Amino acid sequence: MRYIPNTEEQKMEMLKEIGVSSFEELIKDVPANLRLKEKLNIPEAIPESELEDKIYHLAQKNSDFFLMKPLVGAGAYRHYIPEAEKFLLQREEFWTCYTPYQPELSQGTLQSIFEYQSYISRLTQMEVVIPSIYDGASATGEAALMALRLTHKNKIIVSNLLHPHYRKTLKTYVEPHNPEIIELPYRDGLVDLKKLADLLDEEVAAVIIQSPNFFGGIERVAEISEMVHTKNKDILLIQVIAESMSLGILKAPGEMKVDIVAGNTQSFGMDLNYGGPYNACLATRKQYIRQLPGRIVGETVDVEGRRVFVMTLRAREQDIRREKATSNICSNHNLNVTASNIYLSLLGTEGLYQISLINTRAAHYLEKLLLKSGKFDRVFDYPFYNEFVLNYRGDTAIISKKLLENNFIPPLKIDPFDPEKSLKNALLFAVTEVLSREEQNKVANILCE
Amino acid sequence: MKLILEKGISGRDGYSLPQDLFEEIKAEECLPEYAISKDKKKLSEVSEVDVIRHFTKLSKLNYGLDDGFYPLGSCTMKYNPKINEKLASLSNFVYAHPLAPEETVQGSLEIIYHLNQLLGEITGMDEYTMAPAAGAHGELTGVLIMRKYFVDRQEPRHKMLIPDSAHGTNPASAAMAGFQVVEVKSNERGTIDLKELAKLMDQDTVGLMLTNPNTVGLYDEGIEKIEKIIHSKGGLLYYDGANLNASLGIIRPGDAGFDIVHLNLHKTFSTPHGGGGPGAGVIGVKKGLIPYLPTPLVAWDSVKKRYYWKEVGEKSIGMVRSFWANFPVLVKTYAWILSMGPDGLYNASETSIINANYILAKLKEYYKPVYDRYCGHECTLTGKEYKKYGVKTLDIAKRLMDYGIHPPTIYFPHFEPYAEETIMIEPPESESKEVLDRFIEIMIKISEEAKTEPELLTTAPHLTPIRRVDEILAVKRAILTYDDELKLKDELKYREQDIDF
């Protein structure tokens, strides 16, 4: 076997050195009646050439997704990823190494994480950044648990325009701790502020909103923040961000007095990959540092005085604190941190701003185009970033089929995801910079003919 | 080394923008004033060339598995086959949107469906969820399933038994699921003390989380009795798959009575660790627990002849993440199993067990093992003999770096009175006898150095890109971003050569 270098002769030689006559002697502690009597009932090994063939054929059973531009986002966005990033990520030094517990052999990973923390801190205007939780949904769960620990209160108000998967994950994460979860309804595509004012009381640990929200709407975060903190300055406002690219143009959460940011960073250099692996950051103020879950990298010096980096503030983590740890998280999505770091470095100050701007403009271009046709109606009168909801006057199944035939992944039929079940014929569109004007015109033609 | 933020110059760019900027549309007309950031957020301003050089240089400060031996205990740092990387990055997989209609992703769904069957056969379980993103995420999923099972039966069980030798993630996961952790002591043979277990297991206890072979690398010979103790009191048995590399084709956790199994695909199943992920921590269960799995699961519609996502139902614990799985990790796992076949999998476990016992036999005279018996796929030695020379296990580990070898896992497991100054060595099947012989030779040399030149060890490493770091200072200063550093610029006074090494 090409991945197992030792020959049968070598194995025999080694058994002899160990002082046993057979391999069986080494595993005598495995109860005999539990030993497998026959070999595993799985297909016999195939050679590499056949393997390649087999998986290529399986891939062919998918659509040709490279050519299929998505009109759907909803927490996963196709952006262009420069080849320089993909090329660098393939370096085995980044790919095949372990978690950087040994700083002397891991400065590459450690410095990269530190750089990323620096970037995200600037983008969010938050002081500390946990670089990697698995994804936006699990990061939202962790943020909520953190809020329960910090406030010792038991009520969480959650916008029902938080991504439906995030809402479900949040519930799974916090359920064992029996908090009261109150769904905050929406009004005209944004959080219902009046309702929020009614719901706020002294028992509230956290208010969780997403902005841009699941419908793409840009929440009045500063106003919400003011309202929440006036009620009680200890209530934590958690802003979830599913489309992190929006940070290029939108106001930073820190500027709007958000307490914790749970940001899905897939848009920063991660492929769609049919849903993962993505990554998320948790950003907050330094005063909450002891309650943060997960790994963080800090700067220090080595014995020769060089500036170096190391995993730090580790007394929160599971391998040291066991059941008293702030979370069980161990392996995270560190390679995706480096992916984002490379991606953001390539974009730079101007690039990030421009891409964010193009996403905004392109989405509004398509919305105008569709509205003009008379086949679509606005559902909400709300400001949006790069996703928007429109009602279709005809049969959505027919246009979905037509879009597929023309190599577009259709927009999301919102009905099954709508928390208030009032949007029967509504579609959630997403537009990014990968959709050219020509392609958008084509989409409009298909949808409106 | 200089940070990327310290490089470049204003106005330089590393990205080509689309030609059409949709300039006729004005952002101010699309976005309300309350939403727009006044200033552009400051990142680096570097060219593509700068980026390539910076990250290539950074990469060279890392030590990867392809650089050499990586004997980290309980981490299974085995070779990551290159063909699998290529197959996982086929464009029909990579560009697939998670909400693309099911009929467009039949290939991806078929892989998930078949992988479920393969993993089921390998471990003796009935159904897998591919959702968990990492081992600990799988553990959380698993213990939440246990919780839901008892809630459903209206049994208010609230305690979880966990051996003192378990990974820290086990108690942390149990605590996240709201359980009170009860530690089970190990006996003088390094395995579970059955008497103690029988005493602790009661009607208030959900069950036991166990790694087998355990974290010291020993098969628990009492596994059948353990199973009886837990099940006779109505509890569930959870298998931490961190050490499955000792079991392929030899023993299946399902046959041993485990109800829930988590597998680290990035350990046993050869997918790369990525400097701490992404991997995958899939969870397998026995039939009776399928209704509690996270939703949804891939199923086959025999009428329509296609794969689809099926909701699990109201007993499901819900979702543990957005979307479905760390899909490329599943492709690599699938490809690896197909390449290995049943004989290859058995060979992997057999070879890794022989490798570990070979190291144990050759080094036990120099580094006293915690237990004097054969081990599974990893062996646990100690460096306590060298304390009298002022040398700690940490020093031995650091000295190994000078010889071009990544240190083993140290100070884990750590439980008195048996395990102290531990060195846990795991030489997976992808390491040859020559590599092990060289490692053994170096370890013996270091044991001599410990006696004759202890300062060589206590000041090690000497030949790495950087040397020992001040971890206490890192905590004290808490410089966690470049802007933190800038605030302390006068105080820090780094010289150019201290940075650009």
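The values are calculated or read from the model by the stated rules, or taken from the named source; none is laboratory data. Only a predicted model underlies this, so the values are computations on that prediction, with no experimental measurement involved. Cβ: placed from backbone, ideal geometry, glycine included. Neighbour counts: every protein chain shown. Ligands, DNA and RNA are excluded from the accessible area calculation, which covers all protein heavy atoms including side chains. Shrake-Rupley method; radii C 1.70, N 1.55, O 1.52, S 1.80 Å.
Things to note:
- Residues that are more than 14 Å from chain A (Cβ to nearest Cβ) and in a helix (DSSP H, G or I), drawn from the stretch B:275-317: B:Lys287, B:Gly288, B:Leu289, B:Ile290, B:Pro291
- The residue list A:Ser132, A:Ser118 contains one member that is open to solvent by less than 10 Å² (accessible area, probe 1.4 Å), in the same structural domain as A:Ala283 (by TED's automatic domain parsing), at pLDDT 95 or above and assigned to a strand (DSSP E or B), which is A:Ser132.
- Residues of the stretch A:115-140 classified as under 22 Å from A:Arg167 (Cα atoms) and facing another protein chain (nearest Cβ under 8 Å), total: 6
- A count restricted to the stretch B:115-151 and to residues that are of a type outside the set (A, V, I, L, M), in a loop (DSSP other than H, G, I, E, B) and closer than 17 Å to B:Lys267 by Cβ stands at 1.
- When A:Thr169 is tested against the conditions (1) open to solvent by less than 10 Å² (accessible area, probe 1.4 Å); (2) polar (S, T, N, Q); (3) more than 12 Å from chain B (Cβ to nearest Cβ), the lone failure is (3).
- Answer residue from the stretch A:146-164, given it is open to solvent by 10 Å² or more (accessible area, probe 1.4 Å) and within 12 Å of chain B (Cβ to nearest Cβ) and is farthest from B:Pro98 (Cα to Cα) among those: A:Arg149
- Restricting attention to the stretch B:474-501, the residues that are hydrophobic (A, V, I, L, M, F, W, C) and either touching a residue at least 12 places away in the same chain (Cβ under 8 Å) or surrounded by 16 or more Cβ atoms within 10 Å (Cβ to Cβ) (or both) total 6.
- Scan of the stretch B:479-501 for residues that are outside any helix (DSSP H, G or I), at pLDDT below 95 and closer than 12 Å to A:Thr300 by Cα, ordered by number: B:Tyr494
- Members of the stretch B:95-111 found to be in a helix (DSSP H, G or I) and open to solvent by 10 Å² or more (accessible area, probe 1.4 Å), listed by number: B:Glu102, B:Glu103, B:Gln106, B:Glu110
A quick yes/no check of all residues on (1) open to solvent by 10 Å² or more (accessible area, probe 1.4 Å); (2) touching a Ser or Thr at 6+ places or on another chain (Cβ under 6 Å):
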{"residue": "B:Gln180", "(1), (2)": "yes, no"}
{"residue": "B:Val184", "(1), (2)": "no, no"}
{"residue": "B:Asn187", "(1), (2)": "yes, no"}
{"residue": "B:Thr191", "(1), (2)": "no, no"}
{"residue": "B:Pro213", "(1), (2)": "no, no"}
{"residue": "B:Glu221", "(1), (2)": "yes, no"}
{"residue": "B:Lys225", "(1), (2)": "yes, no"}
{"residue": "B:Asn243", "(1), (2)": "no, yes"}
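- Enumeration of residues in the stretch A:173-223 that are within 11 Å of another protein chain (Cβ to nearest Cβ) and on the phi > 0 side of the Ramachandran plot: A:Asn178
- Of the residues making up the stretch A:270-290, one or more are part of a loop (DSSP other than H, G, I, E, B), touching a His at 6+ places or on another chain (Cβ under 8 Å) and more than 7 Å from every other protein chain (Cβ to nearest Cβ).
- Among the residues making up the stretch B:13-55, those that are part of a loop (DSSP other than H, G, I, E, B), more than 7 Å from chain A (Cβ to nearest Cβ) and under 30 Å from A:Arg91 (Cβ atoms) are B:Ser16, B:Ser47.
- Residues that are within 27 Å of the chain's Cα centre (by Cα) and open to solvent by 30 Å² or more (accessible area, probe 1.4 Å), drawn from the stretch B:438-455: B:Arg438
- Among the residues here, A:Asn407 does not qualify as assigned by TED's automatic domain parsing to the domain that holds A:Leu71, in contact (Cβ under 8 Å) with a residue 24 or more places away in the chain and closer than 22 Å to B:Glu28 by Cα.
- Of the helices (runs of 4 or more DSSP H) lying entirely inside the stretch B:372-478, those containing at least 1 residues that are more than 13 Å from chain A (Cβ to nearest Cβ) span B:393-402, B:433-452, B:454-458.
- Being touching a helix residue (DSSP H, G or I) at 6+ places or on another chain (Cβ under 7 Å), β-branched (Val, Ile, Thr) and under 24 Å from B:Asn214 (Cβ atoms) is true of B:Ile425.
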